[in-house]
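The values are calculated or read from the model by the stated rules, or taken from the named source; none is laboratory data. Since the structure is predicted, the reported quantities are computational estimates derived from the model, not experimental observations. Reconstructed Cβ throughout: ideal geometry from the backbone, glycine too, with neighbour counts over all protein chains shown. These area figures cover heavy atoms from the full protein model, side chains too; ligands, DNA and RNA do not enter into them. Shrake-Rupley method; radii C 1.70, N 1.55, O 1.52, S 1.80 Å.
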Amino acid sequence: MFSRTKPGVECPDQILSARHRASAARHRASAAWCSGVLSVSALALTITAAGPAAADYQSAIYEVNNPTMIVESEGADYTRLESGGTVKGTIKVKIRTGLIGRVRNWGAWPKIGTRDHTNSSSNGVRYWSLFIDEGMNRSYDFPRPKEVDEEFDFTIAPASYEGILVQACREHADHLRQTGHLDKDIYSKDHSIEVAFGAELIADISAATESNYKPRVPENWNEHTLFNVTCKRNPPVPVPTPAPKLEVVASKLSAEAINTPNGQCGLKLAGTVTPTLPHVPVKFRYVDDTGKQSDVKTVAPMTGQVQWVFTHGYPLDHVDDKKKGKIRIVGENADFQSDWAKYDMEDCSQAPGGYQIEQPPEIAGMQFAQPQGQIKMSNVANTQTTTLGHANNGGGSAAGEYLCPETVRVVAAVKGLGRMSGEARMHADAKLILEEPYQIQNGQTIQIAAVHEFIWKKSDAKKGQEIAFRIVIKDNLGKLVDTYTKKKAFKCLEVVQAAISDIPGSRPTTSQEAMPAISTFGILAPRNQVRNGQIRLSGAKPDQAFKLRFLYKTSSSGFKIYNSPQLPKQMTGGTASFNLGALKAGAWRLRACPVKAGAAIPRLKDCKASDFTVQAAGTFQAPGGGTQPQTNSVIPNIGG
């Protein structure tokens, strides 16, 4: 901590008692009395006396290091300390009252001052920053001493003096502006400036008078101990490194005229490209000798392959029958083109022994895997909650926290009705999530899978998302042969920390269903009237682990999982305890689920529950006197 003072005007008399402030005020007429002023070496500020009190004096002697100090700039401003070591030193306090007076109390602190560029008649300091937390003060009871000899070490961390150094650089920049310099000149180079270091001493001496002291004050800036500070120039603007340019050093294309399912003639195109960048897709268009262009085709990177292979279909319904022609590829994101590939439409009239397609495939359906991952959505507004001991009775909304799925795998089944190759595309709403070739035989069923990555907004957390997934199948000529759309709703789970929230259940996984049965147990407590937070289970083995859940019954939605850091989430053996103060008055349920070694989630049918009522702190009453049926399921990874 530090505070700023003007020399000789404002001294930190908060360390003096109210009873002695009036006496101390008499000693503040001069700057030197309040400020120990040192030269570059360790010196002492001595208050010499006149007349009978010639022996009276006070001094603060210090030794201090001078670490490297650099202030960073950004734009037209100095912003923060880039580097600076810890300032370390020792202050020695010497006070002699002389013939009269005794020392009531005193305080001493290190200080750093900035230069005054505006007043040439001053001692050079614009204001001092006192580091109160790094100083020392002492008060004395009767009998009070006539002499004081004390010393103490101090350290000033960079974070403590950062503000005064940043301000010193800003004041230096202001001074340069006033002398006609422009910002572009100021911040284009480093500036070496100085700040002053000193030790502040305040003493409250009884029977002392202001006339006893004839202080010596520094006459100019150079009499202070000076630290060098570098006000750094703006970092050079980085020259952007141009992105490597994609080049295709070789490309080949072949064209074969074939019959399509509707009896029209088309082209089966196959080729290769050899790019220079292994991770950048190659994009191109087909252009034929009539000037017609296809849509943009993309060849995805093939890891470890020098040549990337592609196949596409191309319709010929825009040309005359029995006509020869040619076609080539022209680059879109790279400057290249292949040689012409020639074709003859006479080939389409050959017998079915050639490339004859029987029938296009059809889409048999679409399924969704369990969503994976968690995205935390915090500070979601308008979440009605009931916090521990305080009900939100519709009088406003509170911020909530939700866990939303990160990805979901979508799988479409495609049934082959004949030999076919082509392209499959899958969309999540308008977003393309899959584009890949396929090959299928008659009677074969293939799976086309894609992973959708969710993008969640806070406004989606409560209501969830409904996404329309659509798969499109095209033949090898690029013509649409089938499409299928299915909508799916996805929800986020609200997380409750020391608040009640609605958490839906989860269905058991395969590993849960495969777990063997666990030995029978029962819940003996809490039930009836129990005045301590005790959990007792019957039939539990000493090393048997159980997962615990406390549920609170609301008036509208039944029992809901209640998460609080004050409540246990698991126990081992037949006894455990919990904090009664974490439960509010109302109807509660404790659920205990045995956990088998190596299993992540217990089976719900093995869980036992006991309902009870909290009448007041430390009092329980079970409404039915026994175990109640299970109504809520454990959500893994929610609330610990």
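Summary of computed values
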item	result
Pairs with Cβ under 8 Å, 6+ apart, first in segment 154-180 and over 19 Å from F131 (Cβ atoms), second hydrophobic (A, V, I, L, M, F, W, C) and part of a helix (DSSP H, G or I)	A173/I186; L176/I186; R177/I186
Residue that is within 30 Å of K283 (Cβ to Cβ), open to solvent by 10 Å² or more (accessible area, probe 1.4 Å) and out of contact with any Lys or Arg (no Cβ under 8 Å at 6 or more places or on another chain), where the choices are I446, I473	I446
Residue identified as under 28 Å from V481 (Cβ atoms) and among the acidic types (D, E) among D335, D317	D317
Those strands (runs of 3 or more DSSP E) lying entirely in segment 223-296 with at least 2 residues modelled with pLDDT under 90 and more than 30 Å from I164 (Cβ to Cβ)	248-259, 265-275
Elements of type strands (runs of 3 or more DSSP E) contained in segment 83-145, each with 3 or more residues being over 46 Å from the mean Cα position of the chain (by Cα)	87-96, 103-115
Residues satisfying the stated conditions in segment 320-339, i.e. more than 54 Å from the chain's Cα centre (by Cα) and open to solvent by 20 Å² or more (accessible area, probe 1.4 Å)	D320, D321, K322, K323, K324, K326
Condition check for I156: under 17 Å from G124 (Cβ atoms), within 34 Å of the chain's Cα centre (by Cα) and surrounded by 14 or more Cβ atoms within 10 Å (Cβ to Cβ)	no
Qualifying positions in segment 531-543 - touching a Ser or Thr at 6+ places or on another chain (Cβ under 7 Å) and open to solvent by less than 40 Å² (accessible area, probe 1.4 Å)	G533, I535
Count of segment 399-438 residues which are of a type in the set (S, T, Y), in contact with a His (Cβ under 9 Å, 6 or more places away or on another chain) and crowded, with 21+ Cβ neighbours inside 10 Å	0
Those residues of segment 275-297 which are of a type in the set (V, I, T) and open to solvent by less than 60 Å² (accessible area, probe 1.4 Å), in sequence order	V280, V282, V287, V296
Qualifying residue in segment 141-148 (condition: within 29 Å of R233 (Cβ to Cβ) and without any contact (Cβ under 8 Å) to a residue 24 or more places away in the chain)	no
Where a residue in segment 444-462 is more than 20 Å from R409 (Cα to Cα) and its partner, wherever it lies, is part of a strand (DSSP E or B) and among the aromatic types (F, W, Y), with Cβ under 8 Å and at least six apart	A461/Y402; K462/Y402
